[in-house]
Amino acid sequence: MSDDASKTGPVTDRVRAAVESRIERLEAVLTLAVRQSEAIRRKHFGGLDRMLTERTTIVESLVNDAAAFEAMAREVAGTMDERLLERLGVAERLASEIEARDAESLELARTEGERSRIELEKITLAGRVGRAYRSGNPESAGHRRDLADQA
């Protein structure tokens, strides 16, 4: 029995360190998700690429060590270490917050994309109106008025 206890201690410590590492990386992803949402909301798109690159690197590290993390967690399953369970709860909460921020960012990006699409349609239509008026063809006068009404 003491042999099992001596095995569980170092394993639990390794899992605890792995959990803390994951929490640290999840907090970094959450920070980037918040900054990303704010950048989209304020229409500051210049830094998005850098943020997404940084975020991708962190997420890839989380994905790459997921199997090893899961294997370690299985080793300590049933130990009922309250502190460890609490920290796992923190990691789950962070992941949920990241998902919520991502959903917000997607909606903001969709809304901004739709607004840009409408503006581009207006620009295109205004260009067609201008070309129609410049053509000066009397036969297209009715068509020019229709385009002008749409613009």
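No lab work stands behind these numbers, since they all come straight from the coordinates. This one's a predicted model, so the numbers in the text were calculated from it and none came from an experiment. In this analysis, Cβ positions are derived from the backbone assuming ideal geometry, glycine residues included, and neighbour counts consider all displayed protein chains.
Here are a few things to note about the model shown:
- Residues within the reach of a label modelled at R16 (point 7 angstrom out along Cα to beta-carbon, backbone nitrogen below 14 Å), restricted to the stretch 77-93, are 79-88.
- Projected label points at A126 and E107, each 7 Å from Cα along the beta carbon direction, are separated by 3.1 nanometres.
- Spin-label pair E60/E119, simplified geometry with 7 Å Cα→Cβ offset, distance in nm: 3.3 nm
- For the stretch 2-107, averaging the sequence separation of C-alpha pairs within contact (under 8 Å, six or more residues apart) and dividing by the residue count gives a relative contact order of 52 percent.
- Taking packing as the residue-averaged number of other Cβ atoms within 10 angstrom, the listed peptides 96-103, 28-35, 76-83, 49-56 run from highest to lowest as 28-35, 96-103, 49-56, 76-83.
- Note on D49 and E24: with the Förster distance fixed at 22 Å, the Cβ-Cβ geometry gives a FRET efficiency of about 0.40.
- Cα-only Debye scattering, the stretch 2-107: base-10 log of I(q)/I(0) at q = 0.16, 0.18, 0.22, 0.25 Å⁻¹: -0.74, -0.87, -1.12, -1.33
- Centre separation in Å (Cα based) which lies between the stretch 54-110 and the stretch 27-52: 19 Å
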